[in-house]
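To start, the structure under review is shown below, and the notes come after it.
The values are calculated or read from the model by the stated rules, or taken from the named source; none is laboratory data. Keep in mind that what you see is a predicted model, and the values were worked out from it rather than measured. Note that we place each Cβ from the backbone using ideal geometry, even for glycine, and neighbour counts take in every protein chain shown. Heavy atoms of the whole protein, side chains included, go into the accessibility calculation; ligands, DNA and RNA do not. Shrake-Rupley method; radii C 1.70, N 1.55, O 1.52, S 1.80 Å.
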Amino acid sequence: MVDQEASGSVISLRREHLVPDEAGALRLTARKLNGRVLRNVHELFIANVMPDDFSTDGLLPGQILARGVCRHLASLDFACVEEFVPAPGLRVDVMALGPKGEVWIVECKSSRSDFTADRKWEGYLDYCDRYFWGVDEGFPSELLPLETGLILADAYDGEIVRMAPEDKLAAPRRKAMTARFARHAARRLHAMRDPGFTFLI
């Protein structure tokens, strides 16, 4: 059992909450955990390690935005990885894999200077079906190209206010990106479970 205290309440995760299905994937045995309605294992993970009052101390502004973006995309049944490297020399703030295999990239910008200093974002377009910016409500969104998507976010959630146009990846690249995403996510989980073991993520 794993317990985590948050504002006086305790969120508990027990082995009996999870069972493997025929394919070996973990499924929830209950749809509620301490009053929270959960739809899948990813939301159970969010409920246990990202409570609503989770501290943002030590996080950079872009990381705070990324957290809200990931929470919103998780509510749309996307799995997200932050600080993902789609190819050597490129690092995206958020890569999201959808339930139908769709690949979205979100770059989080906290200020005008943060956006104008970005010289690599157009190179990310070749690695996703849809490309978004993640910004807060105070960001001058008129700076952002209209041919890209827009997500307004804060530390706790986000909202898609402009859907990005779709430019589907070629099948070979989609396969390569999905495999890279899966390996990266699995290594992140391994690092959380076994922090004493060192390897390149």
Legend entry - Qualifying residues in region 43-62 (those that are among the small types (G, A, S) and either open to solvent by less than 20 Å² (accessible area, probe 1.4 Å) or at pLDDT below 60 (or both)) - the one farthest from the chain's Cα centre (by Cα): S55
Inset, instruction - Working only within region 135-151, note down all residues that are assigned to a strand (DSSP E or B) and within 16 Å of D114 (Cβ to Cβ). - result: V135, L150, I151
Inset, instruction - Check S111, S141 and return the single one that is in contact (Cβ under 8 Å) with a residue 40 or more places away in the chain and over 20 Å from the mean Cα position of the chain (by Cα). - result: S111
Inset, instruction - Working only within region 151-183, note down all residues that are farther than 30 Å from P140 by Cβ and crowded, with 17+ Cβ neighbours inside 10 Å. - result: L169, R174, M177, R180, F181
Inset, instruction - Sort out which residues of region 111-137 are among the aliphatic types (A, V, I, L, M) and buried (at least 21 other Cβ atoms within 10 Å of the Cβ), and write them in order of number. - result: V135
Legend entry - G196 small (G, A, S), out of contact with any strand residue (DSSP E or B) (no Cβ under 7 Å at 6 or more places or on another chain), assigned to a loop (DSSP other than H, G, I, E, B) and modelled with pLDDT of 90 or more: no
Legend entry - Which listed residue is out of contact with any strand residue (DSSP E or B) (no Cβ under 9 Å at 6 or more places or on another chain) and acidic (D, E), from D154, D129, D167: D154
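Please give the strands (runs of 3 or more DSSP E) falling wholly within region 63-110 in which 3 or more residues are open to solvent by 30 Å² or more (accessible area, probe 1.4 Å).
The strands (runs of 3 or more DSSP E) meeting that bar are 79-84.
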